[in-house]
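Notes to accompany the following structure.
The values are calculated or read from the model by the stated rules, or taken from the named source; none is laboratory data. Small disclaimer: the values here were computed from a predicted structure and weren't measured. Here the Cβ positions follow ideal geometry from the backbone for every residue, glycine too, while neighbour counts run over all protein chains shown. Only protein heavy atoms, including side chains, enter the accessible area calculation; ligands, DNA and RNA are left aside. Shrake-Rupley method; radii C 1.70, N 1.55, O 1.52, S 1.80 Å.
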Amino acid sequence: MIPDSLKQLLSHVDGHQRVTWEGRDVTLFNMAWGEMVISLQGAQVLHFQPTGDTGWLWVTPTPQALPGAIRGGIPLCWPWFADERYADESPERNGPFHGLARHAMWRLDAVDDHAEGIEVHLSPEERLHSQLTARVVIQANAQRLNVEIISENIGDAPIKTSGALHSYLAVHDAHQCRLEGLAGARYLDKLRDFAESEQQGTLAIRGPVDRIYHTNEAVLLDDGQRTLRIGKQSSDSTVIWHPDSELPNDTPADAAKHFVCVEAANTRLDPVWLVPGAQHLLGTTISRG
């Protein structure tokens, strides 16, 4: 589910092409295996649609103007998640919510295009952190979308990080959704001051949800019309978020019912310590369930 203006741009592309949308450089892919859109602000996948299916990701129809980030797709929360600013180098540790990556400009380093799919490599245009580097690898084909962010400590001291791949999954109606794979997992409820509970059975969206589940299992998101499987790599936190009526400023009420966030993350439950020279890969893989 993407804005009509982005759909129109895609309809005129055969292969891949770089264009401007909402003041941002985006790369459009319209291939035999399907469609994909990547914003070079934030190295953010905005759209993925395998041939013969509808789009798997949601984007707000009313995105913020620059320098604001686009709500939707798969934003990169790096090198920290939410306000867990372990790696924040600002004097007051008051850097932007969800980190630096999603506001930064990224460059397209390589595109490996073949009949069955595509692999895209991106890196920031400018240095984002004195001790950490990041690069992103996106792999897409008719069966799945895989997004990875690889961090490396190039400094001379250990550093603690958090992060997330903040996937906005497109659904018919959030209130009809059921999420499988979380039963028995402990979670922190951010709407109840991080109170800890245990998930009993299937999770249904009946109101605002903002939870961090301590699990490394895949989640199945069933909206009654389609089931998506959200797997992940090197992550023991799964964040489930839906605002319900508590809407962000850039999200109209009639659009908000069409997404649920299922995020592969490293949070306060599983922060990552990187010693000098070490790397960490955080990944998410979305496929049909």
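Things to note:
- The chain - mean residue ellipticity at 222 nm from DSSP helices (-39,500 (n - 2.57) per run, n ≥ 4, rounded to 500): -1000 deg cm²/dmol
- Listed values (1) 0.95; (2) 1.23; (3) 1.34, entry calculated as Cα Rg over 2.2 N^0.38 Å: (1)
- Comparing Cα centroids, segment 20-35 and segment 87-123 end up 17 angstrom apart.
- Mean-square fluctuations from a GNM of the chain, with a 10 angstrom spring cutoff on Cα atoms, peak among Gln225, Gln44, Gln233 at Gln225.
- Solvent-accessible ranking of His12, His129, largest area first, probe 1.4 Å: His12, His129
- DSSP-assigned coil residues among trypsin sites (Lys or Arg not before Pro) in segment 83-160, each with at most 14 further Cβ atoms within 10 Å: Arg93, Arg127
- Pairs of lysine residues in the chain that meet both criteria, 8 or more places apart or on different chains and Cα atoms under 26 Å apart, total 6.
- Counting 0.36 nm for each residue step from Asp113 to Gln233 and taking away their Cα separation leaves a gain of 40.8 nm.
- Largest to smallest accessible area among Leu9, Leu274 [probe 1.4 Å]: Leu9, Leu274
- Among the chymotrypsin sites (Phe, Trp or Tyr not before Pro) found in segment 179-288, those both in a DSSP coil and sparsely packed, with 14 or fewer other Cβ atoms within 10 Å of their Cβ, are Phe194.
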